[in-house]
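Some notes on the structure that comes next.
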Amino acid sequence: MRRGNSGRRRGSWRGVPLCGAVAVCVAGAAGAAEFGNWGQAMNAERLLRSSSQVNTAANDGCPILDPATNDLYMASNRPGGRGGLDIWIANWNGRGWDTPVNAGSRVNTAADEFCPDPVPGSRLFFVRRLSATNTDIYVTKRVAGGSYSAPERLPSGPSAINSPAEEWSPSYFHAVGRDFLYFSSTREGRQRIYYSVNFGPAQLAPGGVNSSAADARPNVRQDGLEIVWDSTRFGTLGATDIWTASRSSVDAPWGTAEHLESGINSPAGESRASISGNGRRLMFGTTRPGEGSSDIWTATR
């Protein structure tokens, strides 16, 4: 039986405070500057010093960069894991990413763990599968020696962040004195995009991010003014495609959805896009022909 967390005392994840990493929080204000268009997308292994093991013959996806270190967090069912999808981490070496390393037994289990979201304060949000129809969002903290604390499940209940349905792709940012968590959920029957303020009730995200199709796996730029997600809405090239929208403030509805070009989308499926901490690199997963059933690609602007 599921139990809600409404009675839990203020645990370590509350207010993930995150402006302890001053440089990252200040970057949020700077992030409002104008950006150019995304350049041509390419396999992440094509970066000059990327390991040939960033992508494998397995399913490699859910890519996202640590906003402080540029390390690549990803989900993969490659050999060497603990069962199903695991979270792996590839260090940034200045010109590419090293060979991914398993995040360890505190994060990964025999179940599926995916959709990692590293945030300031050494926190890591991620998704864990509890059953065939139920996935929830957890948070842990990186501690000395590179291991992690015991993960805590975020609040659960019919109107909370976690529901009896599936929650995917947590995306945290701190702005105007508040903690925001975006995610998608099937609580209304199909994947739709929601958000929570200060880890309170889940609210359906207003504006162009939700449609009559499936809208899933959101990621919000650190200043809260730009979002990317994947959708099956009209205008896709094949399966799921990546879309983007912007807004003037964190309290404004999202603007009109725009389909990403420059080889980012293809007739295959693209999913779980994410924007780097400085707003200038896009990571995403794709099922286009490559090394495995899904590979990690990137683009810059």
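Per-residue 3J(HN,Hα) values for the range 217-225, derived from phi via the Karplus relation 6.51 cos²θ - 1.76 cosθ + 1.60 with θ = phi - 60°, read 6, x, 9, 10, 4, 4, 8, x, 10 Hz in sequence order (x marks Gly and Pro).
Dividing the C-alpha radius of gyration of the range 92-202 by 2.2 N^0.38 Å, with N its residue count, gives 1.11.
Gyration tensor analysis over the Cα atoms of the range 172-230 returns equivalent ellipsoid semi-axes of 20, 13, 8 Å (largest first, whole Å). Adding -39500 (n - 2.57) for every DSSP H run of four residues or longer, then dividing by how many residues the chain holds, sets the calculated 222 nm ellipticity at -1000 deg cm²/dmol. For the range 48-156, the Cα-based Rg and Dmax, in that order, read 13.4, 44 Å. Phi angles across the range 116-124 convert, under the Karplus curve 6.51 cos²θ - 1.76 cosθ + 1.60 with θ = phi - 60°, into 3J(HN,Hα) values of x, 9, x, 9, x, x, 6, 8, 9 Hz, Gly and Pro given as x. Between the amide H of W97 and those of S50, S51, distances stay under 5 Å, these residues lying 5 or more places away or on another chain, with hydrogens modeled in the peptide plane.
DSSP loop (so not H, G, I, E, B), at most 12 other Cβ within 10 Å: list which chymotrypsin sites (Phe, Trp or Tyr not before Pro) in the range 74-180 pass both filters.
Passing sites in the range 74-180 do not exist.
Within the range 148-192, list the GluC sites (Glu not before Pro) lying in a DSSP loop whose Cβ has at most 12 other Cβ atoms in a 10 Å radius. Those that pass, being in a loop and sparsely packed, are E188. Note on the chain: with a GNM built from Cα contacts shorter than 10 Å, the maximum mean-square fluctuation among A132, A150, A175 falls on A132. Quote the relative contact order of the chain in percent (integer), defining contacts as alpha-carbon pairs under 8 Å separated by 6+ residues. This gives 19 percent for the chain.
Here the 3J(HN,Hα) profile of the range 87-94, calculated from phi with Karplus coefficients 6.51, -1.76 and 1.60 at θ = phi - 60°, is 8, 10, 10, 10, 5, 7, 9, x Hz, Gly and Pro shown as x.
Protection proxy ranking of 35-42, 191-198, by the mean of other Cβ atoms within 10 Å over each peptide's residues and highest first, is 191-198, 35-42. For D179, the residues 5 or more places off, or on other chains, whose built amide H falls under 5 Å of its own are N198.
Sorting the Cα pairs of the chain by distance into bins of 20 Å, from 0 upward, gives 37, 61, 2 percent per bin. For the range 102-240, DSSP calls about 95 percent of its internal beta bridges antiparallel.
The largest-to-smallest principal axis extents of the Cα set in the range 168-301 are 43, 34, 25 Å.
Any read-out appearing in this document is the output of simple, stated calculations on the displayed coordinates, not a laboratory observation. Predicted model only: the values in this text are computed from it and were never measured. Ideal geometry is used to build each Cβ from the backbone, glycine not excepted, and the neighbour counts take in all protein chains shown.
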